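The values are calculated or read from the model by the stated rules, or taken from the named source; none is laboratory data. Only a predicted model underlies this, so the values are computations on that prediction, with no experimental measurement involved. Note: ideal-geometry Cβ built from the backbone for every residue, glycine included; neighbour counts use all protein chains shown.
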């Protein structure tokens, strides 16, 4: 079943078609979310949230972009919203923790702090847009135009993100070989 058929059936209320849509795109959405958030549970939560949003709003989908691009842009925006909420929480947490005990914060108490063993040193050096652009390009085969639709920027900006990401990878590889 192609995307046009899936969307048409979903718009008419066919739940089985939505299950097909979910099965078709869940892995890609989960991977994108994990790439941005770098936390398995958060990525799963945002994936579910993304598909809940898709389910509610599929009736408004017009094929101005591909279905996959539409879904990935929803997932991307949900991830960015989560990061923004966490940033506000981090700032608040820093204010309420006494200055003298900042070095003694029990990181296990704060879910938003990642386990550093899981982080790839190259990905840490990339900003989230570089990381997302690279992930969409390499792992999902998105074109610069499709990536620009997900990130809501121009194609030339996407090319800059990809260029910067590649340069950071090259620098990292040179350091490892030296």
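For the condition at pLDDT 95 or above and either crowded, with 18+ Cβ neighbours inside 10 Å or not assigned by TED's automatic domain parsing to the domain that holds residue 67 (or both), what is the one hit in 36, 20, 46?
Result of the check over 36, 20, 46: 46.
Under the condition of being outside any helix (DSSP H, G or I) and touching a helix residue (DSSP H, G or I) at 6+ places or on another chain (Cβ under 7 Å), which residue from segment 119-150 is nearest to residue 166 (Cα to Cα)? Walk me through how you get there before you give the answer.
Restricting attention to segment 119-150, the residues satisfying the condition of being outside any helix (DSSP H, G or I) are 119-120, 126-127, 141-143.
Now drop any that are not touching a helix residue (DSSP H, G or I) at 6+ places or on another chain (Cβ under 7 Å), which leaves 126, 142.
Details: 126: 10, 142: 16 Å.
Among those that are outside any helix (DSSP H, G or I) and touching a helix residue (DSSP H, G or I) at 6+ places or on another chain (Cβ under 7 Å), it is 126.
Name the one entry in 99, 114, 108 that is at pLDDT below 90, farther than 27 Å from residue 7 by Cα and surrounded by 13 or more Cβ atoms within 10 Å (Cβ to Cβ). Reasoning before the result, please.
On the way: 99 fails: surrounded by 13 or more Cβ atoms within 10 Å (Cβ to Cβ); 108 fails: surrounded by 13 or more Cβ atoms within 10 Å (Cβ to Cβ).
Result: 114 is the single residue among 99, 114, 108 that is at pLDDT below 90, farther than 27 Å from residue 7 by Cα and surrounded by 13 or more Cβ atoms within 10 Å (Cβ to Cβ).
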